[in-house]
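Undergrad: Quick one: structure below, then a few questions.
The values are calculated or read from the model by the stated rules, or taken from the named source; none is laboratory data. Please read these numbers as outputs of a predicted model, since none were measured by experiment. Neighbour counts are summed over all protein chains in view; Cβ atoms, including those assigned to glycine, are modelled from backbone coordinates with ideal geometry.
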Amino acid sequence: MKKAKGVTRSRADKAFDVMDYVLLTIAFLVVAYPLYFVLIASVSDPIAVYEGRVILYPIKPTLEGYSRIFSYESLFTGYKNTLIYTLVGTAINLVLTITAGYALSRKDLVGRNVMMMGVMITMIFSGGMIPNYLLVRSLKLYNTMWALILPGAVSTWNLIVTRTFFQQTIPDELQEAAELDGCGDTAFFLRVVLPLSSSIIAVMVLFYAVSHWNSYYNALLYLSSSSKYPLQLVLRNILIVNTLDDMVNDVATQAAQQRMGDLIKYGMIIVSSLPLLILYPFLQKYFVHGVMIGAIKG
Amino acid sequence: MKKLLSLILTLTLLATCAAAIAEDYYPAKEDNVSYNVWIRMRPMNGDADQMEIFKIMEEKTHVHLNFEQIAQADWKEKVNAALNAGVDLPDALYSGYSLDSTELVTYGGQGLLLALNDYIDQYMPNFKAKLEAHPEVRAAITAPDGNIYSLPFCRFDGLTGQIPSNMFINKVWLDKLNLEVPTTIEELETVLRAFKENDCNGNGDVNDEKPMTFKFEGSQRDLGGLFGMFGYADNLYVGQHHFVVDDGKVIYVPATEGYKNACAYLYEHFFKDGLIDLEGFTMDKATYNAQNQGDVANIGAYFSWNIFDLGSVHMDEYVAMAPLKGPDGTTSWGYVSSSGIEPVGLVLTKDCKEPVNLLKWADLTYDDYYGMQLEYGCVGTNLVDNGDGTYSYAETPPDRTYDEFLFGNTYPDSCLALFYDFYETTLPMPDSAKAKDKINHEMYLPVATTMYYPTLLFSAEDNEVIADIGADIIDYNEKMRAKWLAYGGVEDEWEDYLRKLDSMGLQQYIDIYQKTYDTAYGK
Amino acid sequence: MTTAAIKRRRRKYRLKMVKRHWQLYLFLLPTIAYFLIFRFYPMYGLQLAFKAYRAVDGITGSKWVGLDNFRRFFAAADFENLMLNTLNVSIVTLIFTFPLPIILALLLNQLPSLKYKKVVQTTVYAPHFISTVVMVGMIFLFTSPTSGLINKLIEALGGKAIHFTALPGWFVPLYVVSEVWQSTGWGSILYLAALAGVSTELHEAALVDGANKFQRVWHIDIPGIMPTIVIMMILNAGKIMNVGFEKAYLMQTSLNIDASEIVSTYVYKRGVLKSQISLSTAVGLFESVINMILVVSVNWISRRVSDSSLF
């Protein structure tokens, strides 16, 4: 935010800034340490981790965990699949959510409150797993990508957030002016609303993409070919420590499994979240400032 | 001459017929008989479609199993979702523990699973023979409604033998401190104290030794066996329900006097001073497994089904410890009469249109020659044919562990039945099983006088009651046991505790177990 | 004008609005279709709350048992404790996880250094990606009485190690702290986006008037995002009973179970693990009703008190 020319920062402002920096630095450290820990744990000797000796740097560094994770071919199919599911899924999510969110934000939409009530009800009440399972089966979506995408095509939470955004940023006067000019709803949406929506679109992309990226439950239930498995499902199956076979027969297996499982556990987080961590900074620049300059006069 | 000729002709005809019958016992190859089977893949299993044993069996039976391979982690959710929805089910579920006993009876009772009784009689000669030789198997797999819904997995070797849990102690530490392996509880206390106060592993740190550890959950790592020094050994292994059977009477251990005394004594003499690790109550599995794996051993004694559970890296330092005599000189260890029987191996769903051929395939696994290969690997790969009717284990290749070699090539613990006589005549037990068997026979069986409640199936109505009352009782019980062991106080709270158990429906709970036991084993 | 005439007028007006804005209904069409098919239609499953489900009978064919399932639930030995624990966890979590993302967003927004802002922003939302299983594993690791970092610090400062996971009193604090750690950064994203929409003109005008940063935040930023805050509050009210079972289940130990047994873990142990579908549907319905009451109440309050509400 640019400072207005010629105005110096008062003492109160300086104090505020100092407090701002201090608080945020504390927040940063508190958040960053455990993340840093995950990073160094993923390359440390697991026994040292459990004994609490891994604190500031890796102990007996090793890349075994990562090499093991990447040795699975299924990991790459997992990545590929998740990429596809995320792209297609998010695209559908966006189209549905933005259009509906906009429509619902219009005060002159008849039936608006009824629809909002309906939306709210679906957010709170759910029929449970069985009807949904039967539905997916009867629509012949079993073992297809659509079983992962369609059931979650619109998130009520996101829909409500989008609606709120439009209500806040598109002033009534703008709409009325456009109507007077003979601009239809669709044209108004495409030519005026969308260009002003970069920040909500960015937020929606982030929310939906992350949700697709991290999901595994629908894949677990509805996919039968392992070649279609998304990343999280693959990772779950690679991670053996929590499903460590209790009845193993020999020593070496026991020790080897335990060790590998622990290394993989932390490495998995890095492997699965790195792409997302990279996504956010790109989207950040769309959280644009000062959207409504010059649009409203008087 | 004519008579001879006709005799020869008749005999040839008969022989051909016999051969023909044998040949079309199984379907013809051209019939392309195939079944959709969901198979549970354990972490170390290789690709089921590549497994030699399945190919061999398909060769012989002309039955093809179309596997959908589901990872162990995903199995329960996926199977339960499908069965609860009740549509588009596979023909069969295949795996050891494919369903738990509650699910089996519930789904079976609803008609989601096929009842196999008649098929076993008519089409499964091998399995039928096993049942006749071992009636306890039939008892374990028959539901209260009289139906058999699953084909079991039975393996009576040392590992799944009758004594689920053993105790192990660090001999090297004992030697260093000039102590003998304890035989009484008082000696154990002395030894553990010595472990605690000395730097046994020689790394200069007096405090890093944990005299005794355990893991508080229904498993072989729990210290329930110690309760046997005061009365009945506590049963946390089979079904996790604390029931034992004394001369036909079903007893709920946590309501007995001996249990109270055990809690008091163990707190006073062991937990209070940290001789048994308090963290046993809160550690998660991964942390527990990570103990004792460092450069030096740091655990003095532990409980497990086998020595290498916590030993592994330092395995050579440990020896088995026989059950100890309690304060009054007596001892009792728990044993399982029906251990080694897992009732649910293969189940057929209602969507299986033609079960006969699949069951013929399954019957082949109860033929020891094939069951052996299913469990231990194929002859020529994991097993060696000694030529005289016996077999032995092949050398494990250097780049793998024994288990990886085994699980990668074959599908153990699924549906088959191998008993002691098999191990005595055909294939010796694997080394680890042998070791445990020896320990069990020498040290534990002689004093195993507490019989844990056997594996039985309950009716669907009973299961509901158990789900409600039982879950409440078990939770309450675990909570109180943890509290008393960690912090003491059992003497004061005992009366209230018994009252509360009563109000939760303890008697009804016990009655169900008694009734089911009586039905299965006859009075 | 008579009431009848007013009504006619209103109806004519509404019809006129519908005809004029017919395109908006087209916008809504695919979404409405989605809701009808994938959200409303499956609600027929709710009747299982009143039935004894058997897969072979299907949902419609299963036997009607009235309020039996609910009775079973309420008769649970520790029912009061269950409800208290659930509400305890949920409300305390909300008290901390609601305001903190807002404060974080406000602070980040005012940070003069863009570079530092970016660094902090990117780091602070990363914990969101750590799975529950690993998160709980880390909690156990850090709080271990013998080898955990936290206890090592305590001992270094002269105190005695605390066996956190063995004490019921520490369950909620551990739960809430880890929730805050995982969700604050992620939660601030929405507020940051909303803050981006607050007009800079207003800020510049305020600066000219001599307002300092704090005043500007208080009088411009906060009111500017108030609609977002209100909506988030209403939405959160609708989730009060939904304390997810996974984390509590993983954090349960036999010694802290007095505080850690909540409705969802109870239902999991009895419902899912033993396939008691009817019970879990009944409990779900019970929770949903409570959530609905809360949402409607909070919505009503916010309509009175502020301009924004959900409906």
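Undergrad: Need pairs with beta-carbon distance below 6 Å; first residue assigned by TED's automatic domain parsing to the domain that holds B:M57 and within segment B:358-379, second part of a helix (DSSP H, G or I) and among the small types (G, A, S); sequence gap 6+ or separate chains.
TA: Qualifying pairs under 6 Å: B:T365/B:G371.
Undergrad: Does B:A85 satisfy the criteria of being of a type in the set (A, V, I, L, M), touching a Leu at 6+ places or on another chain (Cβ under 6 Å), surrounded by 16 or more Cβ atoms within 10 Å (Cβ to Cβ) and within 11 Å of chain C (Cβ to nearest Cβ)?
TA: Yes.
Undergrad: Please pick out the residue among B:F303, B:F308 that is more than 29 Å from B:N147 (Cβ to Cβ), among the aromatic types (F, W, Y) and out of contact with any Gly (no Cβ under 7 Å at 6 or more places or on another chain).
TA: B:F308
Undergrad: Within the group A:G152, A:G111, A:G101, A:G128, which residue is more than 29 Å from C:R14 (Cβ to Cβ) and more than 7 Å from chain C (Cβ to nearest Cβ)?
TA: A:G152
Undergrad: Conditions first: (1) more than 21 Å from the chain's Cα centre (by Cα); (2) of a type outside the set (K, R); (3) not assigned by TED's automatic domain parsing to the domain that holds B:A115. B:L348 passes all but one, so which condition is the exception?
TA: B:L348 satisfies all of (1) more than 21 Å from the chain's Cα centre (by Cα); (2) of a type outside the set (K, R); (3) not assigned by TED's automatic domain parsing to the domain that holds B:A115 except (3).
Undergrad: Of the conditions (1) without any contact (Cβ under 8 Å) to a residue 40 or more places away in the chain; (2) within 28 Å of A:Y222 (Cα to Cα), B:G108 satisfies every one except a single condition; which number is it?
TA: Unmet condition: (1).
Undergrad: Every residue in segment C:111-122 that is under 27 Å from the mean Cα position of the chain (by Cα) and either touching a residue at least 60 places away in the same chain (Cβ under 8 Å) or assigned to a loop (DSSP other than H, G, I, E, B) (or both), please.
TA: Once the filter is applied, which keeps residues that are under 27 Å from the mean Cα position of the chain (by Cα) and either touching a residue at least 60 places away in the same chain (Cβ under 8 Å) or assigned to a loop (DSSP other than H, G, I, E, B) (or both), segment C:111-122 yields only C:Q121.
Undergrad: Only one of (1) under 24 Å from the mean Cα position of the chain (by Cα); (2) in the same structural domain as B:G109 (by TED's automatic domain parsing) is not met by B:A394, so which one is it?
TA: Here B:A394 clears every test but (1).
Undergrad: Then there's this: Out of the helices (runs of 4 or more DSSP H) lying entirely within segment C:21-104, which hold 3 or more residues that are surrounded by 17 or more Cβ atoms within 10 Å (Cβ to Cβ), outside the structural domain of C:Y266 (by TED's automatic domain parsing) and not charged (D, E, K, R)?
TA: Filter on segment C:21-104 gives C:22-34.
Undergrad: A further question on this structure: Across segment B:23-56, what is the number of residues that are over 17 Å from A:S224 (Cα atoms) and of a type in the set (D, E, K, R)?
TA: 7
Undergrad: Limited to segment B:92-117, what total is found for residues that are modelled with pLDDT of 90 or more and surrounded by fewer than 20 Cβ atoms within 10 Å (Cβ to Cβ)?
TA: Of the residues in that region, 2 qualify.
Undergrad: Those residues that are among the charged types (D, E, K, R) and not in a helix (DSSP H, G or I), I need them from segment A:161-209; list them, please.
TA: Correct list: A:D181 only.
Undergrad: Restricting the search to segment C:129-145, which residues are within 8 Å of chain A (Cβ to nearest Cβ) and either more than 28 Å from A:L274 (Cβ to Cβ) or in a loop (DSSP other than H, G, I, E, B) (or both)?
TA: C:I130, C:S131, C:S144
Undergrad: Which of the residues that make up segment A:122-135 are more than 24 Å from the chain's Cα centre (by Cα) and not in a loop (DSSP other than H, G, I, E, B)?
TA: A:I130, A:P131, A:Y133, A:L134, A:L135
Undergrad: Would you say C:V295 is modelled with pLDDT under 90, β-branched (V, I, T), farther than 30 Å from B:K285 by Cβ and assigned to a helix (DSSP H, G or I)?
TA: It is false that C:V295 is modelled with pLDDT under 90, β-branched (V, I, T), farther than 30 Å from B:K285 by Cβ and assigned to a helix (DSSP H, G or I).
Undergrad: Residues in segment C:164-187 that are more than 9 Å from chain A (Cβ to nearest Cβ) and buried (at least 20 other Cβ atoms within 10 Å of the Cβ): how many?
TA: Selection size over segment C:164-187: 9.
Undergrad: Could you tell me which residue of segment A:210-243 is nearest to the chain's Cα centre (by Cα), considering only residues that are at pLDDT below 85 and outside any helix (DSSP H, G or I)?
TA: Once the filter is applied, the top-ranked residue is A:L239.
Undergrad: Also: Within segment B:41-82, work out how many residues are in contact with an Asp or Glu (Cβ under 8 Å, 6 or more places away or on another chain) and within 14 Å of chain C (Cβ to nearest Cβ).
TA: Number satisfying all stated conditions: 2.
Undergrad: Out of the residues in segment C:111-132 that are of a type in the set (S, T, N, Q) and surrounded by 20 or more Cβ atoms within 10 Å (Cβ to Cβ), which is farthest from C:T228 (Cα to Cα)?
TA: Ranking the candidates gives C:S131 first.
Undergrad: Follow-up. Here's a check for you: in segment B:273-308, which residue that is under 21 Å from B:E493 (Cβ atoms) and either within 14 Å of chain A (Cβ to nearest Cβ) or surrounded by 23 or more Cβ atoms within 10 Å (Cβ to Cβ) (or both) is modelled with the lowest pLDDT?
TA: Within segment B:273-308, the match that is modelled with the lowest pLDDT is B:F281.
Undergrad: Looking only at segment B:118-135, decide whether some residue is surrounded by fewer than 20 Cβ atoms within 10 Å (Cβ to Cβ), within 14 Å of chain C (Cβ to nearest Cβ) and of a type outside the set (G, A, S).
TA: No: zero hits.
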